[in-house]
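Single-structure report; data block below.
Just so it is clear, none of the values below were taken in a lab; they were calculated from the coordinates. Bear in mind the structure is a predicted one, so any value in this text is a computation, not a measurement. Neighbour counts are summed over all protein chains in view; Cβ atoms, including those assigned to glycine, are modelled from backbone coordinates with ideal geometry.
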Amino acid sequence: MMTISPSRPGVSLTNVSLKYSVPHEKVRSIKEYAIRRLKRSLAFSDFWALRDISFEVHTGEVFGIVGRNGAGKTTLLKVVGRVLRPSEGRVLVRGLVAPLLGLGAGFNDELTGRENVFLSGATLGFSYRDMQTRFDRIVEFAGLGDFIDAPVRTYSTGMRARLGFSVATDVKPDVLLMDEIMSVGDVEFKEKCKQRIEEFRSSGATVLLVSHSLETIANLCSRGVLLVRGRVTASGEIDNVLQGYQATFTAPVGTKPGAAPRSA
Ligand SMILES: Nc1ncnc2c1ncn2[C@@H]1O[C@H](COP(=O)(O)OP(=O)(O)O)[C@@H](O)[C@H]1O
Ligand SMILES: [Mg+2]
């Protein structure tokens, strides 16, 4: 069995920036893309989705990341989960990371829920035997019943989220990354999530939580950051961060990507 390092988990970002390469003009088909790529007639421009981000998340902390659509929240979690490599800066993550990114939760649509549980387990470094001992508990928590043997493509977003969360938290990672997972569940599931996150926190895990629900963030997080077009414009105590977030809704919007950020 895989042993999870007992050393203090934690997440630390130092001056992290990330740029995407975006094609200049619209390309209408994959064929056109391939031809133009070969002819080198495709121009890319850099789009900085994250700019100079620094913060530290301590052991036993639930850390909130808020911001409007397109602010860079998902990109930030991907950088922490090592799905994306930062273009600049340093990312330090201690221990086993379970990334719950996006509503697909990394599932393969054509496989059944059961198969996906084992696949996700393997991705996180757990053996088949290991997942077997966890399986019933995982299905029970997810509340999927017989649906566990249906292909995941037949699941609702709520069902996917429940299964993803159930797997990711059963294996007790040191760092849990949650991207809008709770927003799609029903009230009962939200309660179960909250309880489990609280258990996690008190056992010394680190949780990074992205949510549009101010209530969820306020309830669960002690500290956090506000992202505005890829930059941190408020950080620290969650009340301050949420105040800053609410202010972004009354400020004029100009969501042109790459535009200079408003000062907070
Ligand atoms: N693969 C990609 N290529 C180019 N731009 C991207 C890519 N993924 C996200 N973006 C852009 O980066 C910005 C941040 O996106 P994202 O991290 O998904 O924001 P959020 O999760 O806060 O809504 C957006 O402007 C988005 O359009
Ligand atoms: Mg997102």
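Per residue, how big is the convex hull around the C-alpha atoms of the chain? Give it to me in cubic angstrom, could you?
150
Report the gain in length on full extension from THR154 to GLU115: 0.36 nm times residue separation, minus Cα-Cα distance, nm rounded to one decimal.
12.6 nm
Can you list the aspartates and glutamates whose alpha carbon is less than 14 Å from that of LYS19, not counting same-chain residues fewer than 8 positions off?
ASP46, ASP52, GLU88
Find the relative contact order for the stretch 31-129 and round it to a whole percent, using C-alpha pairs within less than 8 Å whose residues are 6+ positions apart.
Reported as a whole number, the value is 16 percent.
Please arrange VAL62, VAL27 by how many other C-beta atoms lie within 10 Å of their C-beta, fewest to most.
VAL27, VAL62
Restricting attention to the stretch 14-50, which trypsin sites (Lys or Arg not before Pro) occupy a DSSP loop and are surrounded by at most 16 other Cβ atoms within 10 Å?
Sites meeting the loop and neighbour criteria: LYS26, ARG28, LYS39, ARG40.
Take every Cα pair under 8 Å in the chain that's 6+ residues apart, average their separations, divide by the length, and report that relative contact order as a whole percent.
Over the chain, the number comes to 26 percent.
Ignoring everything except DSSP H segments at least 4 long, calculate the 222 nm mean residue ellipticity for the chain; use -39,500 (n - 2.57) per segment, divide by total residues, nearest 500.
-11000 deg cm²/dmol
Of all DSSP beta bridges located in the chain, what percent are antiparallel, nearest 5?
60
Please report Rg (one decimal) and Dmax (integer) in Å for the Cα set of the stretch 78-174.
Reported Rg and Dmax, both Å: 14.0, 47.
What net charge do the residues around LEU38 carry, taking every other residue with its C-beta under 12 Å from that of LEU38, with Lys and Arg at +1 and Asp and Glu at -1?
Summing Lys and Arg as +1 and Asp and Glu as -1 gives +4.
So what's the net charge close to PRO99: Lys and Arg +1, Asp and Glu -1, counting the other residues with Cβ under 9 Å from its Cβ?
+1
Roughly speaking, what is the centre-to-centre gap between the stretch 149-193 and the stretch 42-104 when only Cα atoms are used, to the nearest Å?
Result: 20 Å between the Cα centres.
Order by neighbour count: GLU25, GLU61, GLU56, fewest other Cβ atoms within 10 Å first, most last.
So the residues, fewest neighbours to most, are GLU25, GLU56, GLU61.
Springs between alpha-carbon atoms under 10 Å, Gaussian network over the chain: tell me which of VAL187, VAL16, VAL79 tops the mean-square fluctuations.
The residue with the greatest mean-square fluctuation here is VAL187.
Report the local net charge at ALA71: Lys and Arg +1, Asp and Glu -1, summed over other residues whose C-beta lies under 11 Å from its C-beta.
+4
At 7 Å along the Cα-to-beta-carbon direction for both SER45 and GLU237, put a label point, then send me their distance in nm to one decimal.
4.1
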